[in-house]
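The values are calculated or read from the model by the stated rules, or taken from the named source; none is laboratory data. Everything numeric here is computed off the predicted structure, so don't read it as measured data. Positions of Cβ are backbone-derived with ideal geometry, glycine not excepted, and every protein chain shown enters the neighbour counts.
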């Protein structure tokens, strides 16, 4: 058994028990910030701590079985203890791999909430309609998972759907589930406005951002240019009669965020700042990856018809994810929010890539 894993298991259990004890102290509720931080770390560690306890139990069972071997009074008894030791050893090995994936190889952003930025790409009105369908698909998937979700900012299209929309999803491990949805999504179908019955190809792009906390991204207020203006589009009477919409420009990077979903200027400013922080965090992640020599391609790409991560072919009722070669013929079910088959396959592919990279870097 890898001593590093055993040591990690013992340290993780110790930390989890210390957090449990701290949460049981009534005084912690007097400091809500501390309570929030402790509760969050406690929840994050729970699955790993459970695995660590199972590992230590399995190792103890193996030790006890091997200690009893010399006391066996018959061949049958010796076989029994040997089988018990081997079974515990195998179980410990399986648990060690799960712990490695959960506590060592886990993306540090996996536990975060997530912001999905969906934009109509090539295809005009049809692209906007498709962007709306992707928005609804992700919202329904969040509902299935028991996650909360809401629009932070949106620019509805006149024909329906969105020119762009930012969807926030809050839930345990939301980023780990949605992070592979980033890229260009392509739809092939006959638009309602097509009189000749020809199949058109349109696209929508999805960017997936781990939601940043204030302490992770420091923003100098002097670097911000904040403009307010009158909102446009649906949203009630006050939307179109007051200067409630907000546009924030981060001058050092040129990033621009607009928000007009809420009725008050203050609420729109808060929403825009949340999106800006997440975009800046994503930018930092990309820069860090580049410095480490592992620069990945931008999630969104060009947004044209040739760049794609997934194709939704309506005439054939087929959805194909080109990264893992997975095809589903349950178009209605997937668009209805049943995305688990795809997200599970993509997560498995990520784990396999990490294991392959680790094996390649380990001296033989």
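Some notes on this structure:
- Each residue in the range 8-40 was checked for being over 29 Å from the mean Cα position of the chain (by Cα) and exposed (fewer than 14 other Cβ atoms within 10 Å of the Cβ), and 8 of them qualify.
- Flag for residue 20 being outside the structural domain of residue 173 (by TED's automatic domain parsing) and within 30 Å of residue 350 (Cα to Cα): no
- Residue tally, condition under 16 Å from residue 178 (Cα atoms) and without any contact (Cβ under 8 Å) to a residue 40 or more places away in the chain, over the range 114-141: 1
- With respect to the conditions (1) in contact (Cβ under 8 Å) with a residue 24 or more places away in the chain; (2) touching a helix residue (DSSP H, G or I) at 6+ places or on another chain (Cβ under 9 Å), residue 183 lacks only one, and its number is (2).
- Just one of the listed residues (164, 194, 168) is without any contact (Cβ under 8 Å) to a residue 12 or more places away in the chain and not in a helix (DSSP H, G or I), namely 194.
- Residue among 149, 135 that is touching a helix residue (DSSP H, G or I) at 6+ places or on another chain (Cβ under 8 Å) and buried (at least 16 other Cβ atoms within 10 Å of the Cβ): 149
- Across the range 221-266, the qualifying residues are those that are within 20 Å of residue 162 (Cβ to Cβ) and assigned to a helix (DSSP H, G or I), and the one among them that is modelled with the lowest pLDDT is 239.
- Residues that are part of a helix (DSSP H, G or I), surrounded by fewer than 19 Cβ atoms within 10 Å (Cβ to Cβ) and at pLDDT below 85, drawn from the range 103-132: 104
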